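Engineer: My questions all concern the structure below.
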Amino acid sequence: MPEAHRARRHAQSRISPIWIVPLVALALGLWLVYDNVSRRGPQITLEMPNAEGIEAGKTLIKTRNVEVGRVESVRLSDDLSHTVVTARMSEDAERMLNAGTQFWVVKPRIGREGISGLNTVLSGAYIQLQPGQSDESRYHFKVLEQPPVAPPGAEGIRINLISQLGSSLRVGDPVTYQGFTVGRVEDATFDPEDREMHHRLFIESPYDVLITEATRFWSASGINVSLDSEGVSLNVESLEAVVGGGVTFGIPEDVAPGPKARPDSTYQLFPDEESALQGTYNRYLEYVMLVDDTVRGLSKGSPVEYRGVRVGTVVSVPWHFTAPQPDTRQRFAIPVLIRIEPQRLNAGSDAPIDLDAWHERFTRMFDYGLRASLKAGNLLTGALFVDLNFDKELRGDYQAETFEGKTVFPTTAGGFAQIEQKVSNLLDKLNALQVEPILDKLDQTLATSQATLEEVQHSAEALRAMLDDPATRQIPGNLNRTLENLRTTLDGLSPDSAAYRQLNDTLQGIERLVRDLQPLAKTLEEQPNALIFDRKPSSDPVPRAPER
């Protein structure tokens, strides 16, 4: 009995060889599962506005055109505001997933820079991965709508711009320097509370050295034409800026560049170059002009000049129009706010601007006769500017006034107002003239002139009657006959005529007779009685010395 029991237990303890195959298969399966799990990369979640061109199991994730992951599923978010894409990354992609990593969809795009993503027309869209430089791991990302302007680790500088809505920029707009592209706009957001646009710019290296503390930025509209009191100006940017706009920058003349800008520095974006250059003069004195003339043609930004040199800018036309004016004013003047900018006269100097000293200086010049007037700067547009000059006749005639807390800049009539005043003075002088005596004398003169004209008319009629007389008409014929007779007489006295020869012989005879009578005349002169008595013979003279 015990032996039979032992045999039975021995038979149960033996394992059948048929069980080896399932055990090996199970072990192999477990190994394959472990190997597959161990080789699987991390799973990431991507948020996208829409899933255009994305297909689960087909859309790839690439970096540098190398596959590093694949989309596993695409679904809507819980609030239905966006899509959620789940992707499985490769094993070696773990090191590329950090806070600085960026994703965007590569598909055909047409932009200002040209056409991109044409290789996806046949292969389909894919998701581009750009590794970041952060040490913080991350597995949840938001996919960019546009490709980034520059990689996170690119050399250069990133700065911020603040502008109004009218000067806003778009992502990808070029940043140019004298027509050459040196960077791009990376981001553009609107702050509804401040009603301002905030832009982020990336300036590539080595052009980042151009950005200093004195740099000014303004919108590049491509073609900018301005017509103002200083004439017509035309500014043309690059072709890309002409097509899509952008931003450009520079440093005003006679302004020190200053130290290099720090990363994330904030600047103001001006609407144009002129506004950017004018924004440099941040130290100024404000005055109010109470203009009695018309201000048509005077606008904000018009120059304030002293003998052709710009010293300020018009700030507002009009300014506080309904505010009460000084009692010394007899007429309702138009207030104009202007700025005197001493920095314009201190260009190229690092000396600080003492506004109090400049205020005292202008007060003294007011007493010396400094006055402001409006003058035409452009006859084509009718634009006006403020001209400052001295009037000797107004020296010592200054009385200090204020308007809404601002010092009143004394003014004088200028331009068309001066012409109007001169015409008015001329009319006053004409009205003061004694016109009636002049008119009486003029009537007498006209009467005398009329009598003279009548006498001239009578003389003309008498002359006409004399000319119409037949005897007068015969005078030319008689005169012609007299001239013919005279011509005939003169022809008879010609050298070949007989009368001329007879006259010549007679003259020769008279000449011989005169020669013969000369001794007789001499004898009668010496001895008048020689005709009666004989002539006494004369002895030869004896030479002798003269008596002393």
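The values are calculated or read from the model by the stated rules, or taken from the named source; none is laboratory data. Just so it is clear, the model here is predicted, and its values are computed rather than measured. Note that each Cβ is placed from the backbone with ideal geometry, even for glycine, and that neighbours are counted across all protein chains shown. Remember, those area values only see protein heavy atoms, side chains included, never the ligands or the DNA or RNA. Shrake-Rupley method; radii C 1.70, N 1.55, O 1.52, S 1.80 Å.
Engineer: If Lys and Arg each add +1 and Asp and Glu each add -1, what is the summed charge of the other residues whose beta carbon sits under 15 Å from the beta carbon of GLY396?
Structural biologist: Net charge around GLY396: 0.
Engineer: Further question: Could you pull out the GluC sites (Glu not before Pro) across the stretch 144-217 that fall in loop regions by DSSP (anything but H, G, I, E, B) with no more than 14 other Cβ atoms inside 10 Å? Display every interim value, and only then the final one.
Structural biologist: Numbers: sites: GLU145, GLU155, GLU186, GLU193, GLU196, GLU204, GLU213; in loops: GLU145, GLU155, GLU193, GLU213.
In loop regions of the stretch 144-217 (DSSP not H, G, I, E or B), the sparsely surrounded GluC sites (Glu not before Pro) are GLU145, GLU155, GLU193, GLU213.
Engineer: While we're on this one: Add +1 for every Lys or Arg and -1 for every Asp or Glu among the other residues with Cβ under 13 Å from the Cβ of PHE366, and state the total.
Structural biologist: Charge balance in the 13 Å sphere: -1.
Engineer: At a 1.4 Å probe radius, which order do LEU380, LEU374, LEU433 fall into by accessible area, largest first?
Structural biologist: Largest accessible area first, the list is LEU380, LEU433, LEU374.
Engineer: In whole Hz, what ³J(HN,Hα) sequence does the stretch 285-292 give by Karplus (6.51, -1.76, 1.60; θ = phi - 60°), x for Gly and Pro?
Structural biologist: The phi angles translate into 10, 9, 10, 10, 9, 9, 8, 8 Hz.
Engineer: At 1.4 Å probe size, with the rest of the protein present, what percent of the exposed accessible area of the stretch 266-339 is carbon and sulfur atoms?
Structural biologist: 48 percent
Engineer: Taking amide H atoms as placed 1.01 Å from N in the peptide plane, list the residues 5 or more away in sequence, or in a different chain, whose amide H sits under 5 Å from that of THR212.
Structural biologist: ALA261
Engineer: How much length is gained on full extension from GLN502 to SER134, taking 0.36 nm per residue of separation minus their Cα-Cα distance?
Structural biologist: 117.7 nm
Engineer: What residues qualify as long-range amide H neighbours of SER265, i.e. H under 5 Å apart, gap of 5 or more or another chain, H built at 1.01 Å from N?
Structural biologist: Hits under the 5 Å cutoff: ASN160.
Engineer: Report the FRET efficiency, 1/(1 + (r/R0)^6), for THR363 and GLU213, where r is their Cβ-Cβ distance and R0 is 35 Å, rounded to 0.05. Display every interim value, and only then the final one.
Structural biologist: On the way: r = 34 Å, r/R0 = 0.97.
The calculated FRET efficiency here is 0.55.
Engineer: Let me ask you something else. If Lys and Arg each add +1 and Asp and Glu each add -1, what is the summed charge of the other residues whose beta carbon sits under 14 Å from the beta carbon of LYS406?
Structural biologist: Net of charged neighbours comes to -2.
Engineer: Apply the Karplus parameterisation 6.51 cos²θ - 1.76 cosθ + 1.60, with θ equal to phi minus 60°, to every residue of the stretch 132-144 and state each ³J(HN,Hα) to the nearest whole Hz, in sequence, with x for glycine and proline.
Structural biologist: Once rounded to whole Hz, the list reads x, 10, 7, 8, 8, 6, 8, 10, 10, 9, 9, 6, 6.
Engineer: Pull up all non-local amide H partners of TYR126: gap of 5 or more, or a different chain, and H-to-H distance under 5 Å with H placed in the peptide plane.
Structural biologist: Amide H neighbours of TYR126, under 5 Å, 5+ apart: VAL106.
Engineer: What ³J(HN,Hα) values, in whole Hz, does the Karplus curve 6.51 cos²θ - 1.76 cosθ + 1.60 give for the stretch 443-457 when θ = phi - 60°, with x put for Gly and Pro?
Structural biologist: 5, 4, 4, 5, 5, 4, 5, 5, 4, 4, 5, 5, 4, 5, 5
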